[in-house]
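Okay, so here's the structure we're looking at.
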Amino acid sequence: MRRNVLFQLMSIEIMLNAAGLAFIVAGARWGQPDGQVMFLFILTVAAAEVSVGLAVVLRLFHGFGSLDTDQASIMKG
Amino acid sequence: MLIAFYVAAAVALFATVMTISRLNAVHALLYLVVSLLAMAVVFFTLGAPFVAALEVIIYAGAIMVLFVFVVMLLNMGDVAIATERRWLSPGIWRGPMILAAVLILETAYLATGTVGVRTGPAVAPRDVAIALYGPYVLGVELASMLLLGGLVGAYHLGTRKLPRPEVGDDINTGERRAYFSGDAVRAGDDRAPGASQRAVPVDVHRDHA
């Protein structure tokens, strides 16, 4: 399992993109604009998620000197 | 044009598999950009040109630039120059370049206009806009709230200068945990009301331990 938090964020991007592809394909199949509207929302979620996520990555690296998410497993509260 | 769809889908699949199997973050990012561009071509052949343009501009443009920015920020130091020189060796460009060349040839082929572009019915950007600001207008407002939250959150996390977390015993529970100096939990209940968290001595837990 990948413990590098950058790869985890990249994989989240890939999964969000896959969900968007499903919406686009469904919209193309039935000729409706709803699929593209949903893709726009997914795009918004991905942009917000990656901005906060990368700020957390910077803090994690600053605090622990590593990108390994297991390093932060003792952090509570 | 069905063959264009299949070629772009194959490029996207291959680039995605290469992305998640790379060990180096920069190599993975190169393949991820190619994967997103291939997805844009797939969207184009599916009859969603507006979304294809957004995919290139926002995903492959803005979000990937953020990733590259963070990767470069994380590698500051003496070894960074040697590391980047190794990353920029021509060998690692080859895979993404071949895939991107395939996409460029395919786009040029589609742009000649001699072939039909779509595999499905096209949904014009106008229809998308009407739907977006008609029945989905509440979603647009929620998306703006989300983006504002992301902006404030990223600003908050990015500008606060906190010291490195330390590992020690919690003064309340005695558990081993990581904490930041000035942590409200570690400061305990005996803190004077209204006192700043910053005023708490850094090593107060060691007196209790």
remark   = Expected vector for the stretch B:42-57, Karplus 3J(HN,Hα) from phi with 6.51, -1.76, 1.60 and θ = phi - 60°, integer Hz, x for Gly and Pro, equals 4, 4, 5, 5, 7, x, 10, x, 5, 5, 4, 5, 5, 4, 5, 6
ask   = By average Cβ neighbour count within 10 Å, what is the ranking of A:3-15, B:138-150 from highest down?
value = A:3-15, B:138-150
task = Enumerate the residues in the stretch B:19-36 having an amide nitrogen under 11 Å from the point lying 7 Å beyond the Cα of B:ALA82 toward its Cβ.
result = none
note = Relative to chain A, whose Cα atoms define the longest principal axis, helix A:5-30 and its Cα axis are tilted in degrees, nearest 10, by 10 degrees
message = Quick check: the distance between the Cα centres of the stretch A:27-77 and the stretch B:11-37, to the nearest angstrom?
response = 17 Å
note = Residue by residue through the stretch A:55-68, the couplings from Karplus 6.51 cos²θ - 1.76 cosθ + 1.60 with θ = phi - 60°, in Hz, x for Gly and Pro, are 5, 5, 4, 4, 5, 4, 5, 5, x, 10, x, 7, 9, 6
key: Computed [θ] at 222 nm, deg cm²/dmol, chain A (DSSP H ≥ 4; -39,500 (n - 2.57); rounded to nearest 500)   = -26500 deg cm²/dmol
request  = Could you check the simple spin-label distance between B:ALA53 and B:ILE98, using points 7 Å along Cα→Cβ, in nm with one decimal?
outcome  = 3.4 nm
key: Förster radius 45 Å - calculated FRET efficiency between B:VAL68 and B:TYR133 (Cβ-Cβ, nearest 0.05)   = 0.85
inquiry  = Taking θ = phi - 60°, what integer Hz values does the Karplus form 6.51 cos²θ - 1.76 cosθ + 1.60 yield along the stretch B:11-26, in sequence order, with x for Gly and Pro?
reply    = 4, 5, 5, 4, 5, 5, 4, 5, 4, 7, 9, 6, 9, 9, 5, 5
ask   = A:HIS62 to B:VAL140: FRET efficiency via 1/(1 + (r/R0)^6), r the Cβ-Cβ distance, R0 30 Å, to the nearest 0.05?
value = 0.25
ask   = For chain A, what is the relative contact order in percent, using Cα pairs closer than 8 Å and at least 6 residues apart in sequence?
value = 37 percent
query = Are there chymotrypsin sites (Phe, Trp or Tyr not before Pro) in the stretch B:126-160 that DSSP marks as loop and that have at most 13 other Cβ atoms within 10 Å, and which are they?
reply = B:TYR133
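Each reported figure results from applying straightforward, stated rules to the coordinates on display, with no laboratory input. Keep in mind that what you see is a predicted model, and the values were worked out from it rather than measured. Positions of Cβ are backbone-derived with ideal geometry, glycine not excepted, and every protein chain shown enters the neighbour counts.
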